[in-house]
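**Q** My structure is below; once you've seen it, I'll send some questions.
The values are calculated or read from the model by the stated rules, or taken from the named source; none is laboratory data. Everything quoted here is computed from the prediction, not taken from an experiment. Note: ideal-geometry Cβ built from the backbone for every residue, glycine included; neighbour counts use all protein chains shown.
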Amino acid sequence: MLQKDPEFDTIDKNAIDPHSWVNKYADYLFSYAVFRINDQEQAQDLVQETFLAALERQEKFEGRSSEKTWLTAILKNKIVDVYRSRSSGLSKEIIQADIERSDEDFFDQNDGHWNDQHRPAKLGIETSDALENKEFERILKACMDKLPALWLSVFSMKHIDEETTELICSELKISSSNFWVIIHRAKVNLRSCLQKNWI
């Protein structure tokens, strides 16, 4: 029988304790942020901003979730702001140039098939616990860092935060067709990087 994590249970809205937040949640929130934005200093700032925002809004806490869930939701919104700021200022011309350059790297311009050096190979992570492998996680993060800012934002929102396509397009101000091209190119680039560094 599954046991519930008490940190995720709903609580009395008057029972929140801001004095315990740093001890109870700082490490978790930092890990959550740094995995998504891969910048330790900025992740620390976001956690601090999360605690400040929560302090300012603690009277609005309704008790329908745990403190941890509530704080994570605040942090998640701050991370989306980071994604938005990283992707703003990237013109459609830059996005299109990145996509075309990626096409030339990975696909034959004559027939559209994979170039031999980038043809997909098995990654060797098909076992159920492979994603828990710290070495694989380190290499994946390094590969994600090589993505252009907008691509990283789109990929992270879609595959780490599991946001809807509509929300991602709205938050990052991109069209649906741009979204699908970006997510495809991000996956192709990540796969290529993992093949070079993991296999």
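**Q** For segment 147-175, give me the residue count where each residue is assigned to a helix (DSSP H, G or I) and not hydroxyl-bearing (Ser, Thr, Tyr).
**A** The first filter runs over segment 147-175 and keeps only residues assigned to a helix (DSSP H, G or I), leaving 149-160, 165-172.
From what is left, the residues that are not hydroxyl-bearing (Ser, Thr, Tyr) are 149-152, 154-155, 157-160, 166-169, 171-172.
Here the count works out to 16.
**Q** Scan segment 31-43 and tell me whether some residue there is at pLDDT below 80, more than 21 Å from residue 147 (Cβ to Cβ) and within 22 Å of the chain's Cα centre (by Cα). So that I can check it myself, show each step before the final result.
**A** Just the residues of segment 31-43 that are at pLDDT below 80, to begin with: 38.
When the remaining residues are screened for being more than 21 Å from residue 147 (Cβ to Cβ), the result is none.
No: segment 31-43 contains no residue that is at pLDDT below 80, more than 21 Å from residue 147 (Cβ to Cβ) and within 22 Å of the chain's Cα centre (by Cα).
**Q** Answer yes or no: is there a residue in segment 52-63 that is in contact with a helix residue (DSSP H, G or I) (Cβ under 9 Å, 6 or more places away or on another chain), in a helix (DSSP H, G or I), loosely packed, with under 15 Cβ neighbours inside 10 Å and modelled with pLDDT of 90 or more.
**A** Checked against the condition, which is being in contact with a helix residue (DSSP H, G or I) (Cβ under 9 Å, 6 or more places away or on another chain), in a helix (DSSP H, G or I), loosely packed, with under 15 Cβ neighbours inside 10 Å and modelled with pLDDT of 90 or more, segment 52-63 yields at least one hit.
**Q** May I pose another question? Tell me which of these residue 83 doesn't satisfy, since it passes every other one: (1) in a helix (DSSP H, G or I); (2) modelled with pLDDT of 80 or more; (3) closer than 19 Å to residue 196 by Cβ.
**A** Every condition holds for residue 83 apart from (3).
**Q** As an exercise: evaluate residue 176 against (1) modelled with pLDDT of 80 or more; (2) more than 15 Å from the chain's Cα centre (by Cα); (3) under 26 Å from residue 32 (Cα atoms) and give the number of the one condition it does not meet.
**A** (3)
**Q** Counting only residues that are over 20 Å from residue 139 (Cα atoms) and surrounded by 15 or more Cβ atoms within 10 Å (Cβ to Cβ), how many does segment 25-41 have?
**A** Total meeting the criteria: 4.
**Q** Same structure again: Among the residues of segment 166-182, which ones are closer than 24 Å to residue 73 by Cβ and out of contact with any helix residue (DSSP H, G or I) (no Cβ under 6 Å at 6 or more places or on another chain)?
**A** If the condition is that a residue be closer than 24 Å to residue 73 by Cβ and out of contact with any helix residue (DSSP H, G or I) (no Cβ under 6 Å at 6 or more places or on another chain), then 166, 167, 170, 173, 174 are the ones that fit.
**Q** Among the listed residues 192, 153, identify the single one that is in contact (Cβ under 8 Å) with a residue 60 or more places away in the chain, polar (S, T, N, Q) and in contact with a Phe, Trp or Tyr (Cβ under 6 Å, 6 or more places away or on another chain). Explain how you work it out, then say what you get.
**A** Numbers: 192 fails: in contact with a Phe, Trp or Tyr (Cβ under 6 Å, 6 or more places away or on another chain).
The match here is 153.
**Q** Another one. Looking at segment 58-86, which of the residues that are under 16 Å from residue 16 (Cβ atoms) and without any contact (Cβ under 8 Å) to a residue 12 or more places away in the chain is nearest to the chain's Cα centre (by Cα)?
**A** 73
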